Amino acid sequence: MSFWLESLIILVVLCNLRVLGSSRLTACIQTVALQGALLGLLPVLAHLDALSARLLLQAAASTVLKAAVFPWLLNRALRQAGLQREVEPFVGFTASLAAGVLFLGAALWLAARLPHAGPEALSRLVPTALFTIFVGLFVIVSRRQAVTQVLGYLVFENGIYAFGMAFAEKQPLLVELGILLDVFMGVFVMGITLFHIHREFDHLDTDRLTALRDS
Amino acid sequence: MIWTLLGVPLASAAAAFAIRADGPRRGLLLAAALTHAALTAACWTIQPAPVFGGYLALDAAGRLFLSLLSALFLAASFYGAGYLRAAGRTKEEEDAAGFLFANAPEAVFTGCLLCFLGTMSLAVLSQHFGLLWVGIEATTLCSAPLIHFHRQRRSLEATWKYLLVCSVGIALALLGNFFLAVAARQHHDLLMTVPELVAQAGRLDKQWLKAAFLLFLVGYGTKMGLAPMHTWLPDAHSEAPSVVSALLSGALLNCAFLALLRVNAVLAAAGLADFSGELLVGFGLLSMAVAAAFIIGQGDFKRLLAYSSVEHMGILAFGAGLGAAAPAALLHAVNHSLTKGFLFLTAGNLLAASRTKSVGEIRGLLRALPRSGALWLVGFLAITGSPPFGTFVSELWILQGALARHRGVLAALYLAFLAAVFAAMASVVLKMSQGEPSDRLKEVPGDDADPWRFWPPALLAAAVLVLGLWVPPPLLDAVREAAAVLGMR
Amino acid sequence: MRPELLHLPLALFCAPLLPGIINRVKAFFAGRCGPSVFQPYRDLLKLLRKGAVFSRTATWVFRAGPLASLVCAAAALALLPLGGLPALVCFPGDIVLFAYVLALGRFCTVAAALDTGSAFEGMGASREVWFAALAEPALLLGLAAMARQGGELSLTGLYGSLEPAVLLAPGGPALLLVAAALLIITLAENSRIPFDDPDTHLELTMIHEVMVLDHSGPDFGLIQYAAALRLWLLGALAAGLLLPVRTGRPWLDLTAGLCGLCAVALFTGVVESVMARLRLTRVSQLLAAAAAFSVLALMLVRGAP
């Protein structure tokens, strides 16, 4: 079990690196979807000895949402927006990858400093979750397109979800589903806003959204 | 009763999406607001029973903020009905740059407004940290379409920033939730509800608790508009319709403040009040400083009000962080909500009359629009904390709290920022009010006489004035009780 | 006879088989029947029989280059364990020596290329060094990750302690990452697709081949032979990690190691058949990814108990 858990964690980390290094938006979306699916498996693998219907329902809901619904929403937004298929970064891909390795180091350092709480098998999950959170934030600030920012938000959310999986098995199911629903609605509303932005501006470049500022 | 409080707005929201005719829908909005207000008022006499396993309950703090929310929504809904009637008459409007734009469908607007009320009530009523998060995040999502009511570029930009900044910020608060769960991990019997955590705070892991508070502070602080996470606030407040701005500033920011206070209560119970208090004071003063810097020379009167909200959120955090002044901070929350509510509604009237948000193009308000102009001037005096308005009382009380704690330097900074804001706002507002009416105000369309859009702000202004002259003992008791519930002493 | 003594002559004799296998696989994918797997031997014999031509401007550096790189490869071979058998020479820290003997071989080739003073060869040398500079940290970090996992500092110790069970235990996924990095490095260091196309002869796009344009006859033969040895060296690292067969019988283990090498050759052939060469700018990204794999593995492996 530990082997599969560790493989899963490594794959999640590799997904992060791929999001940082990939220049194709569709590839990024696929990678985030894959990451979502992996994280959906995570609670099942982590609590293999104590499976419950609640756990399975939660895993199924999050997997369907993250691996199918979100990519579909984003791909739809991309289709509506026409031909902008390339990620346009402020920070280059190689530099992003280098930053990613730095984030990984930072996440490991930070996780080692946090007082340890939790079963040994899950201890690798904390740095992974922190790394995913860092990567999500980095993607949000270092990419130009609005779609990519939503993607970064999803990565960020995945990281938080991974952290929650490691520890917070005590949340009541309804609250858990409420959180998922909120995230879903968030991406949905963002998708609609993306559509409006594209219709209004004919582009999705957030660095050209500069009408509102204080001089 | 609690289910009804949540159910009425949400059910009416669903109905509002379905109703096709404008008139009944506006009636529904008013009816829902009135019902909600009546239910809230009833809560002062009948203590509603906790529901959903104690996850939803109305404590003293919740009651105070719920009443505030309900009152403000009532005023806003009357104003909004008038606003929608006026906006419905013209299909397209002209923005500052001369582009024509249409408005979002009225059904969407009304539905989202009611959803907004429901989710804010949820946030105020939740006693469970996970549910609280769900409520706060839901408010973001319901209010985003409201900000984008005017279908034009600037409001779209504001909506995008609002969505992204708040979603990311609030996601951090979710991480804070998990950190809190880790802090409570040693004790598997602990529920993640506020009373339970407060009661068992001594058993929580201190280090994880501190980390959790930092995340909550950044997360809910983003939503509350504390600097330096306030960047979405001026954009959203200035581009949203004025009704929405009033609700954002007067009700939504308070919900985030309450969420932060609930976390603070856990920390205070765990003996970490100094840690959290210092952080709140620091962020509070920083917000005041940033707001003062941006208010000076501000050329857009709705942004001016938005920055003033940042300033007042700073005051609230400052007061809450000081501990001794906590009841004052809650009283100030009341005063600020009422004042900012009527100021934004008045700003809406000015905007409707002059069709510009630029300070430089408005002169002679008192002559051109006697009633709205007078309200604007009164609002300026009230929001800057001049006597005899309620804000003066609460700001003085906070100052007293700072001095009682022998925090002279902090008190001096607090006064200095207040003075700077007063001077900066005076130079803007007095110029707008006096002199000959400018070209923009020469041919006023007569909106000034619309009672739907005059009386709600006027009544709120009267309330602020009364609170300045005489704080009713029940309110004082409620404020003290709420502060006690939130563990601030 | 002790099997570890056999390893060195076996490697020296069998190394040219690997390019032969790769060519055969490529031919199969292209639908041709292709040359025999022993064609590299014939090429080498032909080249060794020929005379060499030296430029008048070239110095002894140019003449010494091929031989030096061959000697370096052979020296590295002495440090390499195969199929669970210990290496001829082993001591703690020989992983560093291994990496740097390989690097020294490349340095000799590069120095010889620069010695001709030709613009093309200088360009090839510069590209070769650029990729090597990226591949070397990946290799060393990957080996370091293995060293941390196994608690050993010699190649023999590292590969000796590997077992199939180790790969499936916690920490195993990290070793799989190292294996992936080693495979990428094997392709890069041997100038195979997707880094460099060994079949192309257009100077502008070549990397390794352009560097050795001026060598002829026996010298070129030595270079070809050294290249085959390098493929053997790095392939054995990757194959040893992925196929840690431990039966306890030396001959069986050795056979398994040789099968692993053949598998690496097959893999290379398949990659060359199905992939196109990467753009030069993307090459550094792929190598950075290999380095990232190694770093990740280094961070994730648990220290030896």
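The values are calculated or read from the model by the stated rules, or taken from the named source; none is laboratory data. Since this is a predicted model, take the numbers as computed values, not measurements. In this analysis, Cβ positions are derived from the backbone assuming ideal geometry, glycine residues included, and neighbour counts consider all displayed protein chains.
Pairs meeting the criteria (first residue in the stretch B:92-116 and under 20 Å from B:ARG153 (Cβ atoms), second residue modelled with pLDDT of 60 or more and among the polar types (S, T, N, Q), beta carbons under 6 Å, at least 6 apart or on different chains) are B:ASP95/B:GLN152; B:PHE101/B:GLN152.
Going through (1) of a type in the set (Ser, Thr, Tyr); (2) touching a helix residue (DSSP H, G or I) at 6+ places or on another chain (Cβ under 8 Å); (3) modelled with pLDDT of 85 or more one by one, C:SER216 falls short only on (2). Checking every residue in the stretch A:42-50 against the condition of being within 14 Å of another protein chain (Cβ to nearest Cβ), of a type outside the set (Gly, Ala, Ser) and touching a Cys at 6+ places or on another chain (Cβ under 7 Å) gives zero matches. Output yes when any residue across the stretch C:195-204 is in contact with a His (Cβ under 7 Å, 6 or more places away or on another chain) and either within 14 Å of chain A (Cβ to nearest Cβ) or closer than 30 Å to A:VAL13 by Cβ (or both), and no when none is. Among the residues of the stretch C:195-204, at least one is in contact with a His (Cβ under 7 Å, 6 or more places away or on another chain) and either within 14 Å of chain A (Cβ to nearest Cβ) or closer than 30 Å to A:VAL13 by Cβ (or both), which makes the answer yes.
Does A:GLN30 count as away from chain C (no Cβ under 14 Å) and within 11 Å of the chain's Cα centre (by Cα)? When the stated conditions are applied, A:GLN30 does not pass them.
Residues checked against (1) more than 30 Å from C:ALA276 (Cα to Cα); (2) surrounded by fewer than 19 Cβ atoms within 10 Å (Cβ to Cβ); (3) without any contact (Cβ under 8 Å) to a residue 60 or more places away in the chain:
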| residue | (1), (2), (3) |
| --- | --- |
| C:PRO16 | no, no, no |
| C:ILE21 | no, no, no |
| C:PRO35 | no, yes, yes |
| C:GLN39 | no, yes, yes |
| C:LEU48 | yes, yes, no |
| C:VAL53 | yes, yes, no |
| C:PRO66 | no, no, no |
| C:LEU79 | yes, no, no |
| C:GLY83 | yes, no, no |
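Residues that are touching a helix residue (DSSP H, G or I) at 6+ places or on another chain (Cβ under 9 Å) and within 14 Å of chain B (Cβ to nearest Cβ): does the stretch A:90-107 have at least one? Within the stretch A:90-107, one or more residues are touching a helix residue (DSSP H, G or I) at 6+ places or on another chain (Cβ under 9 Å) and within 14 Å of chain B (Cβ to nearest Cβ). Can you find a residue in the stretch B:161-177 that is within 10 Å of chain A (Cβ to nearest Cβ) and in contact with a strand residue (DSSP E or B) (Cβ under 9 Å, 6 or more places away or on another chain)? For the stretch B:161-177, residues within 10 Å of chain A (Cβ to nearest Cβ) and in contact with a strand residue (DSSP E or B) (Cβ under 9 Å, 6 or more places away or on another chain): absent. Only residues that are among the aliphatic types (A, V, I, L, M) and more than 16 Å from B:GLY282 (Cβ to Cβ) were counted in the stretch B:387-415, giving 6. What about A:ALA162, is it aliphatic (A, V, I, L, M) and either modelled with pLDDT of 80 or more or in a loop (DSSP other than H, G, I, E, B) (or both)? Yes, satisfied.
Selection of the stretch B:464-489 for residues being among the charged types (D, E, K, R) and assigned to a loop (DSSP other than H, G, I, E, B) yields only B:ARG489.
Would it be correct to say that C:MET299 is free of Cβ contacts under 8 Å to residues at least 12 places away in the same chain and among the aliphatic types (A, V, I, L, M)?
Spelling it out, C:MET299 is indeed free of Cβ contacts under 8 Å to residues at least 12 places away in the same chain and among the aliphatic types (A, V, I, L, M).
Of the residues C:GLY221, C:GLY157, the single one that is more than 27 Å from C:VAL96 (Cα to Cα), touching a residue at least 12 places away in the same chain (Cβ under 8 Å), among the small types (Gly, Ala, Ser) and outside any loop (DSSP other than H, G, I, E, B) is C:GLY221.
For the stretch A:190-204: of the residues being outside any helix (DSSP H, G or I) and surrounded by 15 or more Cβ atoms within 10 Å (Cβ to Cβ), which is nearest to the other protein chains (Cβ to nearest Cβ)? Please lay out each step first, then the result.
Filtering the stretch A:190-204 for residues outside any helix (DSSP H, G or I) gives A:202-204.
Subsequent filtering for residues that are surrounded by 15 or more Cβ atoms within 10 Å (Cβ to Cβ) retains A:203-204.
Details: A:HIS203: 12, A:LEU204: 10 Å.
Looking at residues that are outside any helix (DSSP H, G or I) and surrounded by 15 or more Cβ atoms within 10 Å (Cβ to Cβ), I get A:LEU204.
From (1) within 14 Å of chain A (Cβ to nearest Cβ); (2) assigned to a helix (DSSP H, G or I); (3) surrounded by fewer than 24 Cβ atoms within 10 Å (Cβ to Cβ), pick out the condition that doesn't hold for B:GLU278. B:GLU278 satisfies all of (1) within 14 Å of chain A (Cβ to nearest Cβ); (2) assigned to a helix (DSSP H, G or I); (3) surrounded by fewer than 24 Cβ atoms within 10 Å (Cβ to Cβ) except (1).
Note on the stretch B:380-422: residues that are within 30 Å of B:GLU361 (Cβ to Cβ) and either of a type in the set (D, E, K, R) or without any contact (Cβ under 8 Å) to a residue 40 or more places away in the chain (or both) amount to 5. For B:LEU345, are the conditions met, namely being crowded, with 24+ Cβ neighbours inside 10 Å, more than 17 Å from B:LEU430 (Cβ to Cβ), touching a Pro at 6+ places or on another chain (Cβ under 8 Å) and modelled with pLDDT under 95? Yes: the conditions hold for B:LEU345.
Just checking, does the stretch B:430-438 include any residue being at pLDDT below 95 and within 19 Å of the chain's Cα centre (by Cα)? Explain how you work it out, then say what you get.
To start, the set of residues in the stretch B:430-438 that are at pLDDT below 95 comprises B:430-438.
Filter once more, keeping what is within 19 Å of the chain's Cα centre (by Cα): none.
No: the stretch B:430-438 contains no residue that is at pLDDT below 95 and within 19 Å of the chain's Cα centre (by Cα).
Of the residues making up the stretch C:190-213, just one is surrounded by fewer than 24 Cβ atoms within 10 Å (Cβ to Cβ) and not in a loop (DSSP other than H, G, I, E, B), namely C:GLU209.
If we keep just the residues of the stretch C:256-305 that are among the small types (Gly, Ala, Ser), more than 10 Å from chain A (Cβ to nearest Cβ) and in contact with a Phe, Trp or Tyr (Cβ under 8 Å, 6 or more places away or on another chain), which is nearest to C:ALA11 (Cα to Cα)? Looking at residues that are among the small types (Gly, Ala, Ser), more than 10 Å from chain A (Cβ to nearest Cβ) and in contact with a Phe, Trp or Tyr (Cβ under 8 Å, 6 or more places away or on another chain), I get C:GLY269. Within the stretch C:227-244, the presence of at least one residue that is touching a residue at least 12 places away in the same chain (Cβ under 8 Å), crowded, with 22+ Cβ neighbours inside 10 Å and assigned to a loop (DSSP other than H, G, I, E, B) is confirmed.
Applying the criterion of being at the interface with chain A (Cβ under 9 Å from one of its Cβ atoms) and more than 29 Å from the chain's Cα centre (by Cα) to the residues of the stretch B:186-205, the residue that is surrounded by the most Cβ atoms within 10 Å (Cβ to Cβ) is B:ASP205. Give me the residue from the stretch B:120-134 that is more than 10 Å from chain A (Cβ to nearest Cβ) and under 17 Å from the mean Cα position of the chain (by Cα) and, out of that set, surrounded by the most Cβ atoms within 10 Å (Cβ to Cβ). Filtering the stretch B:120-134 for residues that are more than 10 Å from chain A (Cβ to nearest Cβ) and under 17 Å from the mean Cα position of the chain (by Cα), the one surrounded by the most Cβ atoms within 10 Å (Cβ to Cβ) comes out as B:SER121.
Does C:THR247 satisfy being in a helix (DSSP H, G or I), modelled with pLDDT under 85, more than 28 Å from C:PRO66 (Cα to Cα) and not aromatic (Phe, Trp, Tyr)? Here the answer is no, as C:THR247 does not meet what is asked.
For (1) at pLDDT below 90; (2) within 14 Å of chain A (Cβ to nearest Cβ), each residue gets a yes or a no:
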site: C:THR116; (1), (2): yes, no
site: C:GLU121; (1), (2): yes, no
site: C:LEU175; (1), (2): yes, yes
site: C:VAL178; (1), (2): no, yes
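When B:ALA246, B:ALA292, B:ALA251, B:ALA270 are checked against the criterion of being surrounded by 24 or more Cβ atoms within 10 Å (Cβ to Cβ), under 21 Å from B:GLY169 (Cα atoms) and touching a residue at least 12 places away in the same chain (Cβ under 8 Å), a single residue qualifies: B:ALA251. Look at (1) more than 10 Å from chain A (Cβ to nearest Cβ); (2) surrounded by 22 or more Cβ atoms within 10 Å (Cβ to Cβ); (3) closer than 27 Å to A:ARG143 by Cβ and you find that B:GLU137 fails only one, number (1).
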